[in-house]
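Asker: Before I ask anything, let me first share the structure, which is written out below as structure tokens.
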């Protein structure tokens, strides 16, 4: 039996973002968390993930206070990845953006870029955050951030072990005023 996806939370052209919940726990999702290609640029790649651990992680989302959303292809509503605002600091109105596109057959289609754009807009327009940030050694992620107008704030030199070599991690940040100006909404 296929679970009915959650109602659409944020709508894009190619993807929709919905709540991530127990209905999204699947063998395909678990496979992403144990796939060396998917985990290539992620910190959590040293130990295998079990179904029990995945369910526990999903169940603990509300207690962590993170906004974690499933990324779904518009046409099929297939779960292809996740995107989140983590480490939300309400007193500073800031959060970390994290994303994973787990379905390798959709890589390179712009789903991640669109999901980042949708969540960025939501973070500033609806939640009222002042700043969001992200760090990654992934060249595709870093190119998407550049295209979306995020500012490179620095480099964590040789901070990530990739294929036996230490590589740099690019650090990105974006302020609400920068995003709104880029979107033609003026400053607030």
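Every number here is computed from the coordinates shown, using simple stated rules; none is lab data. Computed from a predicted structure; not experimentally measured. Don't worry about glycine lacking a Cβ; one is built from the backbone with ideal geometry, like all the others, and counts go over all protein chains shown.
Asker: What is the extension gain from residue 126 to residue 143, computed as 0.36 nm multiplied by their sequence separation minus the C-alpha to C-alpha distance, in nm to one decimal?
Answerer: Working: separation 17, 0.36 × 17 = 6.12 nm, distance 2.58 nm.
The residue 126-residue 143 span can extend by a further 3.5 nm.
Asker: Of 173, 81, 112, which is the most mobile in a GNM of the chain whose springs link Cα atoms less than 10 angstrom apart?
Answerer: 173
Asker: Please state, rounded to one decimal and in Å, the Kirkwood hydrodynamic radius that the range 10-102 gives when every pair of distinct Cα atoms enters the mean of 1/r.
Answerer: Details: mean 1/r = 0.0709 Å⁻¹.
Computed over Cα pairs of the range 10-102, the Kirkwood hydrodynamic radius comes out at 14.1 Å.
Asker: How far apart, in nm, are two points set 7 Å out from the Cα along the Cα-to-Cβ line at residue 165 and at residue 77?
Answerer: About 4.5 nm, to one decimal.
Asker: If we count other beta carbons within 10 Å of each Cβ, what is the order of 118, 97, fewest first? Display every interim value, and only then the final one.
Answerer: Details: 118 21, 97 25.
By the 10 Å Cβ count, ascending: 118, 97.
Asker: Averaging sequence separations of C-alpha pairs under 8 Å and six or more residues apart, then dividing by the length of the chain, give the relative contact order as a whole percent.
Answerer: Numbers: 303 pairs, mean separation 30.4, N = 188.
Taking the mean separation of contacting Cα pairs over the length of the chain, I get 16 percent.
Asker: Oh, and also: Using a Gaussian network model of the chain with C-alpha springs under 10 Å, which one of 43, 116, 80 is most mobile by mean-square fluctuation?
Answerer: 43
Asker: With r defined as the distance between the Cβ atoms of residue 109 and residue 56 and R0 fixed at 35 Å, what FRET efficiency is calculated, to the nearest 0.05? Walk me through the numbers before you get to the answer.
Answerer: Values: r = 31 Å, r/R0 = 0.88.
Computed FRET efficiency for residue 109 and residue 56: 0.70.
Asker: If you take Rg and Dmax of the Cα atoms in Å from the coordinates, which of (1) 16.4, 48; (2) 17.5, 57; (3) 22.0, 79 do you get?
Answerer: So the calculated entry is the one marked (1).
Asker: To continue, here is another question. Rank 24, 163, 66 by mean-square fluctuation in a GNM of the chain with C-alpha springs under 10 angstrom and give only the top-ranked residue.
Answerer: Per the Cα network of the chain with a 10 Å cutoff, 163 tops the list.
Asker: Relative to the compact-globule scaling 2.2 N^0.38 Å, provide the ratio for the alpha-carbon radius of gyration of the range 110-188. All intermediate terms of the calculation are to be shown ahead of the outcome.
Answerer: Working: Rg = 13.8 Å, N = 79, 2.2 N^0.38 = 11.6 Å.
Normalised by 2.2 N^0.38 Å, the Cα Rg of the range 110-188 equals 1.19.
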